[in-house]
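Undergrad: Before we start, here is the structure in question, set down as structure tokens.
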Amino acid sequence: MAARGRSVKLGRTVLTHAARATAVLVALTVVGASCSGDDEAAGGPDAGGTDAEASLDGATAGAGEPAGTGACDDTDPAACLLPWPSDAYTRADPSTATGLRLDVPADGTPTNAGGTPVDPTEWNRNDGFSPAAIALTVVPFVDPAASGLPPQTDIGASLEAGSPLALVDLDLGERVPAWAEVDSAVTDPARAPLRVVPARALTPGHRHAVGLWDLRRADGGEVEPSPSFARLVAGPTTEQQEWLDDLAGAGRPIEDLDMAWSFTVASSDGLTARLRHMWQEAAEDLGVGPDGDPAEGGAPPFRVDSAVDSGDVRLVRGSFDMPKYLTGDGGTGTVLDNDGDPDGIPRRNGTMPAPFTCVLPSTAGPSPAMVYGHGLLGDRSEVEGIGRLGASVGIGFCALDFIGMSSEDVPTVLEFLGDLSAFRTLPDRLQQGHLGFALLGRLLASPEGFATDPSFLAADGTPLVDPGALSFLGASQGGILGAASTAISPDWSRAILAVGGLGYNLLLGRSIDFDAFGPALEAGYPDPLDRAIALELLEGLWDRGENAGWATHLTVDPLPEGGRPSEVLLLEAFGDHQVANVSTEKLARTLGVPRRAPTLTPGRSPDREPFFGIEPIEALPHAGSGLVVWDFGTPAPPTANTPPREGEDPHGKLTDVPAALALVAAFVQPDGVIPDVCGGGPCTGPG
């Protein structure tokens with residue numbers, strides 16, 4: 001898609017194990033002891049002294065200069081990188097799909113306790129901003145309620161004519177549903193950023209604009225726009241005039257704007273090309289076509305280390321060899337071997353082992369099988385519990401570590417929280433991990449894979465796994481990452497994303513799991529505004545390995561590598577303390593899936609229109625994708641970006657509900673459906 005086409009006028013994870021959490025907190029005390037800083041006293045980067053006037057058109061910023069020499073945007077004087085995201089931090093680049101390349105200024109990024117700014121080199125490879133971007137700007141002492149801004153509980157208000165907030169897809173000429181909130185993690189009201197949160201992922205490659213009108217303080221006083229923004233409105237360039245006119249189409253006059261800006265979302269190529277290249281090379285070596293025929297193509301070499309029967313369950317452990325695209329031995333802390341390539345396409349660099357664990361029904365076959373993605377910073381051993389449960393209903397499970405976000409990566413995570421320049425190791429290793437998951441699918445589906453080993457055969461020689469009944473189950477973290485593995489794999493087209501979501505930038509502040517890591521980030525980056533900006537920066541790389549960069553290719557617009565749309569079942573636990581309901585529902589809107597209804601008992605949700613934009617399933621059983629919500633009686637979650645803490649956390653309770661197990665078993669069949677397992681009423685559990 002052409003990157004900068006003319007704008008159009010508007011027509012209308014589971015960190016639940018006590019031992020692991022304790023180990024993390026002990027490590028944090030060591031990290032915290034080496035750093036110091038006053039949470040509110042430290043100042044942000046100096047936004048003054050930089051001529052931003054020439055950068056307001058974005059695409060021409062820094063043309064001909066080295067990357068990282070772009071200018072700040074002084075329309076928001078609170079910090080160099082505000083407002084965020086903004087085309088002010090881009091330069092023209094005709095070699096990319098959007099026609100842009102980021103040009104985040106190296107001297108304007110968040111600075112850690114040692115005085116070192118985040119190195120933007122890896123971000124400046126991107127051809128746009130995150131599809132999960134949360135727009136940030138500081139409006140001192142703004143009161144969202146007094147300003148009439150649409151809250152999380154009334155997303156639909158953002159689409160009404162005359163709303164003081166408009167988020168517009170300029171390429172489609174349509175408004176995007178969103179809500180506004182003040183960042184509760186920044187307690188100084190003079191510096192707390194106003195967050196504009198899109199209610200679905202933004203369209204890759206499209207240009208967007210944010211407009212805010214008639215903002216008010218808590219005392220009712222009017223907010224005055226910054227002098228620089230007032231000059232922009234009074235004398236816009238031709239390009240600025242176009243997106244200002246589009247914002248005016250939302251029902252408010254341009255001259256009443258208090259803040260507005262435009263930005264371009266990264267293209268699908270920019271988000272997915274690295275991992276797609278890795279899978280394409282591996283698939284070609286194995287003779288795998290994109291049509292997903294299990295009988296076509298081979299599988300990587302593998303070894304079985306042990307196979308133990310216990311009753312009707314067989315536990316198989318081993319490893320296989322996968323092409324390595326990481327530096328060094330590929331271990332924790334390494335990055336993709338892609339130096340010198342402006343788009344970051346990695347080079348193959350030998351092979352590396354991928355240990356697996358499978359739990360299979362041992363006496364009946366062939367059975368459906370699921371590739372399993374584990375919870376927050378966990379490992380493949382988690383499959384043993386859920387695998388035994390699955391085997392009881394005739395479903396096999398196989399798992400790998402989600403390298404990049406597995407237990408071995410905890411020390412690396414703690415280290416880069418003190419210097420976010422090293423963050424890229426996480427999404428880089430995640431992409432290598434997704435390649436491993438796709439290859440595990442090959443081993444389960446191909447007649448040249450696991451089916452050649454007696455450990456995967458019944459006593460009579462029957463294969464234990466049905467290669468035509470393969471699916472994916474990601475739980476918590478696995479439900480936040482699983483879109484990438486599913487999008488590239490030709491061997492499964494059914495995925496269950498259980499208590500998952502989209503966008504870690506939305507999730508972290510709303511999760512109790514971040515309690516274990518927040519202190520390390522606070523010690524590394526004492527200024528709370530810096531931390532707010534830093535979390536948005538991180539999402540611009542995290543996209544490459546989590547649902548935010550891949551969800552638009554699951555249920556529609558499949559990638560050539562996957563070859564077909566997927567059926568996706570989303571499971572939500574109402575009031576989840578670890579994965580925010582708003583993130584699960586953002587994923588549902590992005591996928592365009594309907595919800596099982598009745599969804600909740602009337603009055604349980606504080607929303608004006610519960611599950612806005614997620615239409616009810618018309619009838620059950622339903623042959624297709626869907627969202628199913630379970631209610632365990634936990635209080636409704638907060639309506640700010642703070643974690644739920646009241647009541648008992650329902651995050652891991654679905655595995656104890658027979659009806660939920662029956663739902664999963666029905667969905668993963670080759671002709672699977674979403675049946676009515678809740679007797680016609682809302683789905684509820686003990687509590």
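Undergrad: Within the set of pairs 6 or more residues apart or between chains, which connect a residue that is assigned by TED's automatic domain parsing to the domain that holds residue 439 and crowded, with 17+ Cβ neighbours inside 10 Å inside region 342-358 to a residue that is basic (Lys, Arg) and assigned to a strand (DSSP E or B) with Cβ atoms less than 7 Å apart?
TA: 357/317
Undergrad: If I filter region 538-559 down to residues being more than 14 Å from residue 625 (Cα to Cα), among the hydrophobic types (A, V, I, L, M, F, W, C) and at pLDDT 95 or above, which single residue comes out as nearest to the chain's Cα centre (by Cα)?
TA: Step by step, filter region 538-559, then rank; the result is 548.
Undergrad: Just a yes or no: is a residue in region 503-517 of a type in the set (Val, Ile, Thr), over 15 Å from residue 566 (Cα atoms) and buried (at least 21 other Cβ atoms within 10 Å of the Cβ)?
TA: no
Undergrad: For region 194-220, how many residues are part of a strand (DSSP E or B), over 19 Å from the mean Cα position of the chain (by Cα) and closer than 13 Å to residue 259 by Cα?
TA: Looking only at that region, the number is 7.
Undergrad: Could I ask something else about it? Taking the criterion of being assigned by TED's automatic domain parsing to the domain that holds residue 655, out of contact with any Asp or Glu (no Cβ under 8 Å at 6 or more places or on another chain) and assigned to a helix (DSSP H, G or I), would at least one residue in region 457-476 satisfy it?
TA: no
Undergrad: Given (1) assigned to a loop (DSSP other than H, G, I, E, B); (2) out of contact with any strand residue (DSSP E or B) (no Cβ under 6 Å at 6 or more places or on another chain); (3) surrounded by fewer than 16 Cβ atoms within 10 Å (Cβ to Cβ), where does residue 338 come up short, assuming only one miss?
TA: (3)
Undergrad: Something else now. Just to be sure I understand, how many residues within region 390-403 are out of contact with any Leu (no Cβ under 7 Å at 6 or more places or on another chain) and part of a loop (DSSP other than H, G, I, E, B)?
TA: Residues meeting the conditions: 5.
Every residue, every condition in (1) assigned to a helix (DSSP H, G or I); (2) in the same structural domain as residue 528 (by TED's automatic domain parsing); (3) surrounded by fewer than 24 Cβ atoms within 10 Å (Cβ to Cβ), yes or no:
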| site | (1), (2), (3) |
| --- | --- |
| 382 | yes, yes, yes |
| 388 | yes, yes, yes |
| 405 | no, yes, no |
| 411 | yes, yes, yes |
| 437 | yes, yes, no |
| 443 | yes, yes, no |
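Undergrad: Another question, if that's okay. Give me a count of the residues in region 221-253 that are modelled with pLDDT under 95 and touching a helix residue (DSSP H, G or I) at 6+ places or on another chain (Cβ under 6 Å).
TA: 1
Undergrad: Among the numbered conditions (1) out of contact with any Phe, Trp or Tyr (no Cβ under 7 Å at 6 or more places or on another chain); (2) surrounded by 18 or more Cβ atoms within 10 Å (Cβ to Cβ); (3) assigned by TED's automatic domain parsing to the domain that holds residue 356, tell me where residue 247 comes up short.
TA: (3)
Undergrad: Restricting the search to region 560-599, which residues are β-branched (Val, Ile, Thr) and either under 16 Å from residue 626 (Cβ atoms) or in contact with a Cys (Cβ under 7 Å, 6 or more places away or on another chain) (or both)?
TA: 568, 584, 590, 593, 599
The values are calculated or read from the model by the stated rules, or taken from the named source; none is laboratory data. All figures in this text were calculated on a predicted structure; none of them were measured in a lab. Please note: Cβ atoms are built from the backbone with ideal geometry, for glycine as well, and neighbour counts cover all protein chains shown.
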